[in-house]
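Here, each number is a calculation from the coordinates, and none is a lab measurement. Model, not experiment: these values are computed from the prediction. All Cβ positions, glycine included, derive from the backbone under ideal geometry; neighbour counts span all protein chains shown.
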2 protein chains.
Amino acid sequence: MPNPIRFGSLSITVESFVSVSLIISIDAMGGDHGPEVTIPASLDCLKNNPDLKLILVGDETVLKQRLAQSGCDYGDRLSIQHASECVGMDESPSKALKNKKDSSMRVAINLVRDGHAQACVSAGNTGALMATARFVLKMIPGVDRPAIISTLPSIYGHTHVLDLGANVDCTAEHLFQFAVMGTELVKAVENIENPKVGLLNIGEEDTKGNEQVKAAAKLLENSTLNYIGYVEGNSLNAGPVKVDLIVADGFVGNVALKSIEGAAKMIGTALKDAFNKNSMTKLVGLIAYPVLKLFKKRIDPRLYNGASFLGLRGLVIKSHGGADELAFKTAIQLAEVEVKKDVIRKISEQVQLTLARRESA
Amino acid sequence: MPNPIRFGSLSITVESFVSVSLIISIDAMGGDHGPEVTIPASLDCLKNNPDLKLILVGDETVLKQRLAQSGCDYGDRLSIQHASECVGMDESPSKALKNKKDSSMRVAINLVRDGHAQACVSAGNTGALMATARFVLKMIPGVDRPAIISTLPSIYGHTHVLDLGANVDCTAEHLFQFAVMGTELVKAVENIENPKVGLLNIGEEDTKGNEQVKAAAKLLENSTLNYIGYVEGNSLNAGPVKVDLIVADGFVGNVALKSIEGAAKMIGTALKDAFNKNSMTKLVGLIAYPVLKLFKKRIDPRLYNGASFLGLRGLVIKSHGGADELAFKTAIQLAEVEVKKDVIRKISEQVQLTLARRESA
């Protein structure tokens, strides 16, 4: 019996009696740390899930050497696909797309397009990853814009939120499409029938918000989605009620996400400073260490690493660039869950259904 | 020698050898708790600053009764101005403006307009307060839109940020004006010559952002302000470098502020849960109590309560609706600092200077 796959507070046990193999391509050179992080994380995922196959994409010599050092042997469950180039973390998306046709990122996505892998995971440059994924995989018919979705810890467990930065300007229709796609993802990975959808705004009253948000609210009210109304920024982590999915344009979503990261860092620093004040507080810190560790684990951002690109014909998971082994492992496990749950097919079908419903209306 | 006035990590000693009296009107009925909070907070401020005079605005009978209960007597430093109405916390701004001409909020603002007070503090409904303040006090010539500015704790001390919700859609020119006004406020209250100004965006590269933000960046680059470029959401509390003033449109600024509030609440809940897990962790919590108290004080939002409306011809400070005594006291002390530092005059002069510089360019 395999270990359950963990993603944040989500836990899914792989039903191994029907052994369906699950193949994920890994941009092994991506991120701030490259193979140093991607390889041990990959090996750990292979150990935890016997149904998993991984294709490491990158410089063959480097990858072979690192794998040899690890001493692990997963037979045909682990293969290497050579790619001669790397996309830099600050490289312009358009240049990466035009000039780096044999980058580890591009080749990893090609494997998804060609059916050799069911998902791709990369810690590389977000802009380049999105541009390449969109170019290689193409959009789901009916979806105007791809969006980035991820989860945040909340007092209720966790909250899914999109768009986290793919689109700086969104129309009401874009926001509506994000809600349709996000709902399918949440339904699939959380096993809930009617995820509660909130629209991020600066107040809960009908009169609040900009024109796009007000128009999106109308579209959501008239839809079959479980739309609960406007929610404010605090609902991302600790609102008055549980919300499963929060929809925003990419500018607002990204600023909110980064603001939360900053707040967490500041609070963490203040806590550390208080315990480091003098030798007495340091002693108290030693006594409190197990409790503080427990607390840290509850909100550890590494357990929430991994954002999915929605709206594409294939599954691409973006890991934080600075991800360590645990964080990158979480991103691979998110890919495992979304492949198992057939998220891309479900989103495609739901988009077609929504379009058909509109045409017949 | 009076006590120094504290506001967040800011501390200003009133130079009492030139005893200039300082008169502030208090919307004593505003907020979730009304006189229960506004009166003790007011009395505490009077105790701390012998140059301060307060005018409590609201139902005379209620206020007199509460003051009698307190047993305090500040002679002519504390007076009551009767107002027969109250603006509800959920009342529509336009209705409050039209129908509540004798509200405690309106009368408190009238006192500023008529020169009987130098600032007004209210914990009432933000929308109604802004609409009333704008109607009664009028805008500074040359300023298109009022904005709401406040401070947030940061790993560097604190950061000023505007707009926090007055304007859902902003042009580049609006954002530029916010930067001009905010800079004057920061210069005055922080005693720094060239506050560093950042523009809130979803990345630090020139290519990032929406059209308004990119155009505002051009205006700021060509100005005399100390513009340091784009900053991301994490810079509000814990960015890579210290920023004194962060400029955003009111939608983004408000979502960021509320997201930070939510993150702080979630982290606080997780910390409490960890220490409340069992009798052993509870015991550890007792031992760690003084350290946790120290930590809590460092990021206590009550010590950052109070947002200033910029762009009006008079000073209005908005307190959080749910403010307790300490929080409301902080808001009054913010008004004291801004009056002493002559913030409104400095902003008006700077706006005229900026306009003149443009005309001559």
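Points to keep in mind about this one:
- Taking A:Cys120, A:Cys72, A:Cys86 as the candidate residues, the one with maximal mean-square fluctuation in a Gaussian network model of chain A, Cα springs under 10 Å, is A:Cys72.
- What the phi angles of segment B:160-169 give under the Karplus curve with 6.51, -1.76 and 1.60, with θ = phi - 60°, is a coupling list of 8, 9, 8, 8, 9, x, 6, 10, 7, 10 Hz, glycine and proline written as x.
- Nearest-first distances (nm) between copies at B:Gly229, label 7 Å from Cα via Cβ: 4.3
- Measuring between alpha carbons in the structure, the pairs from A:Lys242/A:Lys340; A:Lys196/A:Lys346; A:Lys265/B:Lys341; A:Lys282/B:Lys265; A:Lys187/B:Lys258 lying more than 21 angstrom apart are A:Lys242/A:Lys340; A:Lys265/B:Lys341; A:Lys282/B:Lys265; A:Lys187/B:Lys258.
- Contact order for segment A:235-329, expressed relative to its length and based on alpha carbon pairs under 8 Å spaced 6+ residues apart, stands at 14 percent.
- In chain B, the convex hull through the Cα atoms has an average projected area of 20.3 nm², a quarter of its surface area.
- Shielding score for A:273-286, defined as the mean number of other chain Cβ atoms within 10 Å: 3
- Inter-centroid distance (Cα atoms) of segment B:188-234 relative to segment B:85-109, Å: 36 Å
- Across the identical copies, how the B:Leu283 labels are spaced - nm, sorted shortest first, 7 Å along Cα→Cβ: 1.7
- Antiparallel DSSP beta bridges within chain A, percent to nearest 5: 35 percent
- Inter-centroid distance (Cα atoms) of segment A:249-291 relative to segment A:116-145, Å: 34 Å
- Nonlocal amide H pairs with A:Leu315, under 5 Å, H built at 1.01 Å: A:Cys120
- Total formal charge among the other residues, if their Cβ is under 12 angstrom from that of B:Glu325, Lys/Arg +1 and Asp/Glu -1: -1
- Table column - 3J(HN,Hα) (Hz), segment B:40-53, Karplus curve with 6.51, -1.76, 1.60, x for Gly and Pro: x, 5, 4, 4, 5, 5, 4, 5, 7, 10, x, 8, 8, 10
- Of the residues B:Ile299, B:Ile332, B:Ile246, the one that moves most in a GNM of chain B with alpha-carbon contacts below 10 Å is B:Ile299.
- Sorted shortest first, the distances from the A:Arg302 label point to those of the same residue in the other copies are 3.7 nm; each point sits 7 Å from Cα along Cα-to-Cβ.
- Candidates B:Ser122, B:Ser92, B:Ser308, ranked by Gaussian network fluctuation over chain B, Cα under 10 Å, top entry: B:Ser92
- Cβ-Cβ FRET estimate between A:Arg345 and B:Met280, R0 fixed at 60 Å, reported to 0.05: 0.80
- DSSP-defined beta bridges in segment B:146-303 - what % are antiparallel, rounded to 5: 35 percent
- For chain B: relative contact order, % (alpha-carbon pairs under 8 angstrom, 6 or more apart): 22 percent
- Per residue, the convex hull volume that the Cα atoms of segment B:198-351 enclose (Å³): 157 Å³
- Take every DSSP beta bridge whose two residues both sit in the protein assembly as shown; close to 35 percent of them are antiparallel.
- Segment B:120-199: projected area of the alpha-carbon convex hull, averaged over directions, in nm²: 6.3 nm²
- Alpha-carbon Debye profile of the protein assembly as shown, log10 I(q)/I(0) at 0.07, 0.09, 0.10, 0.12 Å⁻¹: -0.53, -0.85, -1.02, -1.33
- Overall dimensions of segment B:155-284, expressed as equivalent-ellipsoid semi-axes from the Cα gyration tensor (√(5λ), whole Å, largest first), are 34, 16, 13.
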